[in-house]
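Report on one structure; see the data block that follows.
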Amino acid sequence: MDRVSAPILYSFRRCPYAMRARLALAVSGVRYELREVKLSDKPAALLTASPKGTVPVLHLPDATVIDESLDIMRWALSICDPEGWLARDDPALIAANDGGFKHDLDRYKYPQRHGSDSRVHRERGVAFLSDLDRRLADHAQLCGPTRGLADAAIVPFVRQFAGVEPDWFAAQPLRRLQVWLASHRSSPLFDAVMVRAPHWVSGSAI
């Protein structure tokens, strides 16, 4: 797939939804053009492709637009899935992450924005993380011995939670989860998708 016909991914480096889309695209080996956007100044091309203005957005050469992160992951893996990620999916677990856990994560990290009690939402978030920790008692990854779609879909959100109060998180009795998180964060795949890119503006190049 040459650069002219490559899909375009509108992304924001720290966004966990964009992060998991990039993880799946990277492991699939599908080539794409990365457009790192500034969310406070969204380019017109992003809003034209997806008026809701959130990232990630994948604009395909045939003009198809995929603007849900899980759909981007599954699209990329349907083309090439060298590690068999699709076999290690858990839609219910991902839904719990994207629903209740993300709700608590936002209100823990940004209490002033939401008018919330961060401690209440921190404890609710830990309840979900404790479930993940128990799940990791049987295997090194969430759906078996090797990483899969569920791991890639959830790890960016756990990373964000851990980063709010790193010392506090490290002191929690979540040893298996902490090892799991560290293994993903230190992987070459994760390093590759977290490389900093300049903000894209119309007419610029990455």
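The values are calculated or read from the model by the stated rules, or taken from the named source; none is laboratory data. All values derive from a computational prediction rather than experimental measurement. Cβ coordinates were reconstructed from backbone atoms using ideal geometry, including for glycine residues, and neighbour counts include every protein chain displayed.
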- line: For residue 151, the lone unmet condition from (1) touching a Cys at 6+ places or on another chain (Cβ under 9 Å); (2) exposed (fewer than 13 other Cβ atoms within 10 Å of the Cβ); (3) of a type outside the set (Phe, Trp, Tyr) is (2)
- prompt: Wholly within the range 147-196, which helices (runs of 4 or more DSSP H) include no fewer than the required count, namely at least 3 residues that are without any contact (Cβ under 8 Å) to a residue 24 or more places away in the chain, in contact with a strand residue (DSSP E or B) (Cβ under 6 Å, 6 or more places away or on another chain) and among the basic types (Lys, Arg)?
  reply: none
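For the range 33-54: of the residues being part of a loop (DSSP other than H, G, I, E, B) and of a type in the set (S, T, N, Q), which is surrounded by the fewest Cβ atoms within 10 Å (Cβ to Cβ)?
Keep residues of the range 33-54 that are part of a loop (DSSP other than H, G, I, E, B), which gives 37-38, 42-43, 50-54.
Checking which are of a type in the set (S, T, N, Q) leaves us with 50, 54.
Details: 50: 19, 54: 17.
Taking the candidates together, the pick is 54.
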message: Take the residues in the range 2-32 that are among the hydrophobic types (A, V, I, L, M, F, W, C) and part of a helix (DSSP H, G or I); name whichever of them is surrounded by the fewest Cβ atoms within 10 Å (Cβ to Cβ).
response: 26
message: So residue 174 ticks every box in (1) over 22 Å from residue 83 (Cα atoms); (2) surrounded by 19 or more Cβ atoms within 10 Å (Cβ to Cβ); (3) under 20 Å from the mean Cα position of the chain (by Cα) but one. Which box is left unticked?
response: (3)
- prompt: Here are some conditions: (1) more than 28 Å from residue 125 (Cβ to Cβ); (2) surrounded by fewer than 18 Cβ atoms within 10 Å (Cβ to Cβ). Residue 112 meets all but one. Which one does it not meet?
  reply: (1)
message: Within the range 103-120, does at least one residue satisfy the condition of being on the phi > 0 side of the Ramachandran plot and either modelled with pLDDT under 95 or in contact with a Gly (Cβ under 8 Å, 6 or more places away or on another chain) (or both)?
response: no
